[in-house]
Amino acid sequence: MSETPRQITLQEWDRQVEFWQAAGVPQPAYGGPLGRHAADGDTRLLQLRYDNSRAALRLWNFLLTEEDRLRAAREAGRKLVGTMKDLGTVPVLAYSLDNLVAFYPDGAWWIPCVMEVNSGLLQIADSLGVDESFCPVRAMLGAFVTGAHFPIPDLLTCSVGATCDDFSAIAQRLSGLGHPILWWEIPHRRIPDPGEEATELPGGFSAPASLVRFVRSELERLRRALEELSGQTLDDDTLRRGIVQANHVRALLARLRDLAFTATPCPMPALEMLIAEMLAIHFCSDQDETIVVLQELLGEVTLRVAAGTGYSPADAARIFWVNPVADLQVMNLLEDCGGRICGTEYLFAHALDPIPETVPPLEALAQMALADPMVGSTTDRATRIVAEIRRFGAEAVIVSRIPGASHCALEGEIIGELVRAECGLPVLEIEVPPLTDALRPTLSTRLQALVETVKNRRNR
Amino acid sequence: MYTCPYVPAQWIAAHGLQPHRLIPAPIEGASTIPRIEGLCPYARAFANDAAAGVEVTGIVLTTACDQMRRVFDLLVHRIETPAFLLNVPSTWQTVAAPRLYLDELKRLGRFLVRLGGREPSKEELARIMLDATASHPRDEDGVHGIPCGCGSGAPVAVVGGPLMQRDRVLFDIVHECGGRIVLDATETGQRSLPAPFDRRRLTDDPLLELAQVYFQIPDVSRRPNGELYRWLAAELPRAGARGVILHHYVWCDKWHAEFERLKEWAHLPMLRLDSEGRGEMDSPRVRNRIHAFVETLR
Ligand code: SF4
Ligand code: SF4
């Protein structure tokens, strides 16, 4: 275990790394001072506060070196698959083949934040007619145009159907710019009609068996495309092994979330937990290393919980957080205001559930894709949120709106109504743009007010 | 009641129910769904007008866009009228996509029966489809008339999503500004009319023919949406359009993102009109912009 848990600045981290380097403490190949990423333009890093464990440092360095890994993979002759609007399905297929590397171009979502809007990507999106009425994922268009944030993939896939209009429109614009896309459909998940054959999905929803068969046929198309790209056969046994490996990542994350969201004091800050959860979707372009990174983080958290160490105050308000934040700093802000995270739904809850291993592998992945909370009704999503609130004992809910996102206009209303009715908890809806500096006083006041409300309710 | 062109009116009629394609006005004061930042005004107006409708037996929405899909979620919480969400696939090049649409029409049929409709016979459906083929599309319930294109003004095409009733004033304004609309390629115009049915296929399997014809309606929501451009490539020159007005509602991402691409593709002067659904089409500002645009086409 590292020293007493405490949040430190990037400068403190760099001094620590320097000390370790001088002392010959081993580091992963992608390790080193975080300051080098800030010097490369990721200036938001200078404003964040980080957990002081070596496991957290490794997590950050792993995240921030993805582009290098992708370029190295290409140089090594591996093929790159950009899996757009895909929260955890095609990457499982792709990583089953050893000469493919899947990545998530949508990850450009965070570039405006991390580079404090200095990357020029939003301006490029503007010039292509995709302005601020779209969610921050529009930065991806700019990233494709500049080729500066990830290499242009050898194959680009995009799920459509029951997806947000933002992404669907942006991907179509990308296709119009000459990037061929393999579109695949995830239909809206509906409740099976009475008497209709139904399939129980991971995570507890159910769907008509006909829809599962439909998605399975779509995945069959993807399988063929990946085989063609890799020159290898993706048979069921190979895919089954890929699923087992993906489940390994999910199991680690599940244990990590359980500990981080339930232990008192809180053993790992919200920001590092957000990054860790993101790894489940696409493995940050290296599935094996994702496992090592998560194992180390889990090891640290386990030791802290056993030692009873963590972050104060011990009576922090237990918050369930809905939707990822476009500005990472808001995760720090919540803790500054006296809250802690006890449960999350960052739009990809299904990517944290184990993929069934007892059914044919494509069937399992089809079930998993249909379990996506965003492809069903908002009521379904809210129902799952309510179950998780109860599981983690949250005391309030924050629905964080994503500027421009087509699903955000109405979902807060439905989620709020259900949470209040079922759990009687306070719900706060806030909007988090990529940079919240100007809004910080307002946001702080609203978060503090929520924390106060939670504490007052404890005394009732 | 429905608004999306992928809902076949003939299928509803064949169940003995009266199809009504609702083009929202919108009704003043109707607020089952309040005005919310980020919400498409058309989707909201449709939901509110449908909810306020008397003698409405059922409401059909589709998944053609995320906004409507989510409006459905809220609608089923807020109103008693039964509502149905028709799954319209975005992809279209596979065998499975039109089959899914056909299955969805069958499911819609079961919903209509639950509303009190009757299961249609093949013959009855075929007869209704034949009648529709015989009648002029201008007569179809809810669909705006095809512009006659007559007169001497500068020929303009209007392209985009649906137009609310009050936004139809756009046509008059173009006329008053010295132009004439020669192609209505909005969702409430010619573009969304189904092609004529094939009489032989219609006799063999009318539902299959209905599904095939409706599934081919070119729309911006399709992935890829090349069929929309193919349709425009044929219709713009046929109509003799010399300029294009793209109309869309704010927060309609699908049309919003298409403007620059359409501009690059069409090689015609273009004017973008985005509307908050507050009747701005009739404002002096919009009128001036249209006037200036038409001037450039002369
Ligand atoms: S944040 Fe929401 S709107 Fe943006 S790409 Fe993701 S799901 Fe779509
Ligand atoms: S105008 Fe656009 S966003 Fe609105 S309902 Fe139609 S397609 Fe959806």
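The values are calculated or read from the model by the stated rules, or taken from the named source; none is laboratory data. Worth saying up front: this structure is predicted, and the values here are computed from it rather than measured. When we count neighbours, we look across all protein chains shown, and the Cβ atoms used for this are built from the backbone with ideal geometry, even at glycine. The protein model used for the area step is the full one, side chains on, heavy atoms only, and it has no ligands, DNA or RNA in it. Shrake-Rupley method; radii C 1.70, N 1.55, O 1.52, S 1.80 Å.
Check the range A:83-97 and report whether any residue there is in contact with a Leu (Cβ under 7 Å, 6 or more places away or on another chain) and either within 16 Å of ligand 2 (Cβ to nearest atom) or free of Cβ contacts under 8 Å to residues at least 40 places away in the same chain (or both). No, because not a single residue in the range A:83-97 is in contact with a Leu (Cβ under 7 Å, 6 or more places away or on another chain) and either within 16 Å of ligand 2 (Cβ to nearest atom) or free of Cβ contacts under 8 Å to residues at least 40 places away in the same chain (or both). Of the numbered criteria (1) crowded, with 24+ Cβ neighbours inside 10 Å; (2) within 13 Å of ligand 1 (Cβ to nearest atom), the one A:THR89 fails is (2).
Does A:VAL81 fit the bill of being at negative phi, away from ligand 1 (no atom under 16 Å from the Cβ) and buried (at least 24 other Cβ atoms within 10 Å of the Cβ)?
Values: at negative phi: yes; away from ligand 1 (no atom under 16 Å from the Cβ): yes; buried (at least 24 other Cβ atoms within 10 Å of the Cβ): yes.
The answer is yes for A:VAL81.
Filter the range A:196-206 down to the residues that are over 20 Å from A:VAL386 (Cβ atoms) and more than 10 Å from chain B (Cβ to nearest Cβ), then identify the one that is most open to solvent (accessible area, probe 1.4 Å). Across the range A:196-206, the extreme among qualifying residues is A:GLU197.
The residues listed here are B:LEU74, B:LEU85, B:LEU105; of these, the one that is in a helix (DSSP H, G or I) and modelled with pLDDT of 95 or more is B:LEU105.
Kindly indicate the residue of the range A:153-181 that is touching a Leu at 6+ places or on another chain (Cβ under 8 Å) and more than 24 Å from B:GLN67 (Cα to Cα) and also farthest from the other protein chains (Cβ to nearest Cβ) among those meeting that condition. The selected residue is A:ASP154. Listed by position, the helices (runs of 4 or more DSSP H) inside the range A:81-196 whose residues that are of a type in the set (Ser, Thr, Tyr) number at least 2 are A:165-176. Checked against (1) at pLDDT 95 or above; (2) within 14 Å of chain A (Cβ to nearest Cβ); (3) within 16 Å of ligand 2 (Cβ to nearest atom), B:GLU187 passes all but condition (2).
Of all residues in the range B:231-286, which are over 25 Å from B:VAL71 (Cβ atoms) and surrounded by fewer than 15 Cβ atoms within 10 Å (Cβ to Cβ)? Even if it seems obvious, please write down each step before you answer.
Of all residues in the range B:231-286, those over 25 Å from B:VAL71 (Cβ atoms) come to B:231-245, B:260-271, B:282-286.
Of everything in the range B:231-286, those that are over 25 Å from B:VAL71 (Cβ atoms) and surrounded by fewer than 15 Cβ atoms within 10 Å (Cβ to Cβ) turn out to be B:ALA233, B:ALA234, B:PRO237, B:ARG238, B:GLY240, B:GLU264, B:TRP265, B:HIS267, B:ASP282, B:SER283, B:PRO284, B:ARG285.
Screening A:VAL359 against (1) away from ligand 2 (no atom under 16 Å from the Cβ); (2) within 14 Å of another protein chain (Cβ to nearest Cβ) leaves a single unmet condition, (2).
Applying the criterion of being free of Cβ contacts under 8 Å to residues at least 40 places away in the same chain, open to solvent by 10 Å² or more (accessible area, probe 1.4 Å) and of a type outside the set (Ser, Thr, Tyr) to the residues of the range A:115-137, the residue that is farthest from the other protein chains (Cβ to nearest Cβ) is A:GLY120.
Within the range A:329-336, one or more residues are surrounded by fewer than 21 Cβ atoms within 10 Å (Cβ to Cβ), among the polar types (S, T, N, Q), in contact (Cβ under 8 Å) with a residue 40 or more places away in the chain and in contact with a strand residue (DSSP E or B) (Cβ under 8 Å, 6 or more places away or on another chain).
Candidates B:VAL113, B:VAL54, B:VAL95: the one that is modelled with pLDDT under 95 and open to solvent by 10 Å² or more (accessible area, probe 1.4 Å) is B:VAL54. All conditions in (1) closer than 23 Å to A:GLU395 by Cα; (2) touching a Ser or Thr at 6+ places or on another chain (Cβ under 9 Å) hold for A:LEU303, with the sole exception of (1). Does A:ALA56 meet the test of being buried (at least 24 other Cβ atoms within 10 Å of the Cβ) and aliphatic (A, V, I, L, M)? Judged against the criteria, A:ALA56 is a match. Residues in the range A:337-380 that are crowded, with 22+ Cβ neighbours inside 10 Å and of a type in the set (S, T, N, Q): A:THR344, A:GLN367, A:SER377, A:THR378. For the range B:10-68, the set of residues classified as free of Cβ contacts under 8 Å to residues at least 60 places away in the same chain, within 16 Å of ligand 1 (Cβ to nearest atom) and within 18 Å of B:ARG166 (Cβ to Cβ) consists of B:ALA43 only.
Note on the range B:237-298: enclosed helices (runs of 4 or more DSSP H) holding 2 or more residues that are away from ligand 1 (no atom under 16 Å from the Cβ) are B:259-266, B:284-297. Of the residues A:ILE319, A:ILE281, the single one that is hydrophobic (A, V, I, L, M, F, W, C) and either open to solvent by 10 Å² or more (accessible area, probe 1.4 Å) or not in a helix (DSSP H, G or I) (or both) is A:ILE319. I need a count of the residues in the range A:294-316 that are open to solvent by 20 Å² or more (accessible area, probe 1.4 Å) and not in a loop (DSSP other than H, G, I, E, B). Count: 9.
Identify, please: which residue in the range A:156-170 is more than 16 Å from ligand 2 (Cβ to nearest atom) and buried (at least 23 other Cβ atoms within 10 Å of the Cβ) and is, among those, nearest to A:GLU363 (Cα to Cα)? Walk me through it before giving the result.
Here is the first cut: in the range A:156-170, the ones more than 16 Å from ligand 2 (Cβ to nearest atom) are A:156-159.
Cutting the leftovers down to buried (at least 23 other Cβ atoms within 10 Å of the Cβ) gives us A:157-159.
Values: A:THR157: 19, A:CYS158: 19, A:SER159: 17 Å.
Step by step, filter the range A:156-170, then rank; the result is A:SER159.
Can you find even one residue in the range B:89-100 that is under 18 Å from the mean Cα position of the chain (by Cα), within 16 Å of ligand 2 (Cβ to nearest atom) and not assigned by TED's automatic domain parsing to the domain that holds B:LEU210? Checking the range B:89-100: at least one residue is under 18 Å from the mean Cα position of the chain (by Cα), within 16 Å of ligand 2 (Cβ to nearest atom) and not assigned by TED's automatic domain parsing to the domain that holds B:LEU210. The numbered conditions (1) facing another protein chain (nearest Cβ under 8 Å); (2) more than 15 Å from ligand 2 (Cβ to nearest atom); (3) among the basic types (Lys, Arg) are all true for B:ARG78 except (1). Of all the criteria given as (1) more than 22 Å from the chain's Cα centre (by Cα); (2) within 16 Å of ligand 2 (Cβ to nearest atom); (3) not β-branched (Val, Ile, Thr), the one not satisfied by B:GLU119 is (2).
From the list A:ARG221, A:ARG241, A:ARG216, the one residue that fits, being out of contact with any helix residue (DSSP H, G or I) (no Cβ under 8 Å at 6 or more places or on another chain) and within 14 Å of chain B (Cβ to nearest Cβ), is A:ARG221.
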